[in-house]
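Taking it in order: structure first as structure tokens, then the write-up.
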Amino acid sequence: MGQYRLIRLGEQIKQEIATMLLRHEVKDPRVNEFLTINRVEVAGDLAYAKVYVSSFMDDKAVERGVEGLQSAAGFIQSCIAKKLSIYKFPKFTFIADFSMKEGYKMVQKLNALESERKSDE
């Protein structure tokens, strides 16, 4: 399958999972609407897809949410497979992604250094 098509499929899967989270279709109490799907990487043979999940909540809440999504992976796969027409549907693996929160912390540190430098002048 072409690389561009894999990227498009990943974006479609990302959109569908995000919609399911907003509509509260996943009934696991560990999963809430504050989880964000950052990206989806689909393998070239469509066997697997890595779904990266993040949030600005504390790290334990994100990990609990990822566990809830992983336990509901079969349900999520079946719901999305009904909407998308592809010959083979990937198996989802949900991964906690803390890069967004770490980037935000880095920007805060840079802003603090900038304001400190301005106050010294």
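Results, tabulated for the structure shown:
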item: Angle in degrees between helix 59-71 and the longest Cα principal axis of the chain, rounded to the nearest 10; result: 10
item: Using θ = phi - 60° and Karplus 6.51 cos²θ - 1.76 cosθ + 1.60, couplings along the range 95-106 (whole Hz; Gly, Pro as x); result: 10, 6, 10, 9, 5, 5, 5, 5, x, 5, 5, 5
item: Placed amide H near ASN38: partners under 5 Å, 5+ positions off or other chain; result: TYR52, VAL53, SER54
item: Leading residue at positive end of dipole, the range 3-120 (Cβ point charges), from MET106, TYR52, GLY74; result: GLY74
item: For a label point 7 Å along the Cα-to-beta-carbon line of ALA47, residues of the range 72-110 with backbone N under 16 Å; result: 88-93
item: Value at 222 nm in deg cm²/dmol, rounded to 500, when DSSP H runs of n ≥ 4 in the chain each add -39,500 (n - 2.57); result: -18000 deg cm²/dmol
item: Karplus (6.51, -1.76, 1.60) ³J(HN,Hα), θ = phi - 60°, over the range 75-83, in Hz, Gly and Pro reported as x; result: 4, 4, 4, 5, 5, 6, 5, 5, 8
item: Backbone HN-Hα couplings from phi across the range 111-116 [Karplus 6.51/-1.76/1.60, Hz, Gly and Pro as x]; result: 5, 5, 5, 5, 5, 5
item: Whole-angstrom gap from the range 38-71 to the range 83-112, using each part's C-alpha centre; result: 7
item: Antiparallel %, DSSP beta bridges [both residues in the chain], to 5; result: 50
item: Among ASN32, ILE17, VAL62 the positive-end extreme of the charge dipole of the chain (Cβ point charges); result: ILE17
item: Gain upon complete extension [LYS27, PHE56; 0.36 nm per residue less C-alpha separation]; result: 8.3 nm
item: Along the chain, longest interval not containing exposed trypsin sites (Lys or Arg not before Pro), exposed being DSSP loop plus at most 14 other Cβ atoms within 10 Å; result: 28-87
item: Unit charges on C-beta of K, R, D, E only; dipole of the range 3-120, Debye; result: 400
item: Sequence-separation-based contact order of the chain, relative, with Cα cut under 8 Å and 6+ spacing, percent; result: 25
item: Estimated inter-spin distance, GLU11 and GLU114, nm [label 7 Å along Cα→Cβ]; result: 3.0
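Read-outs: derived from the displayed coordinates by stated rules, not from any lab. Model, not experiment: these values are computed from the prediction. Here Cβ is always computed from backbone atoms with ideal geometry, including for glycine, and neighbour counts include all displayed protein chains.
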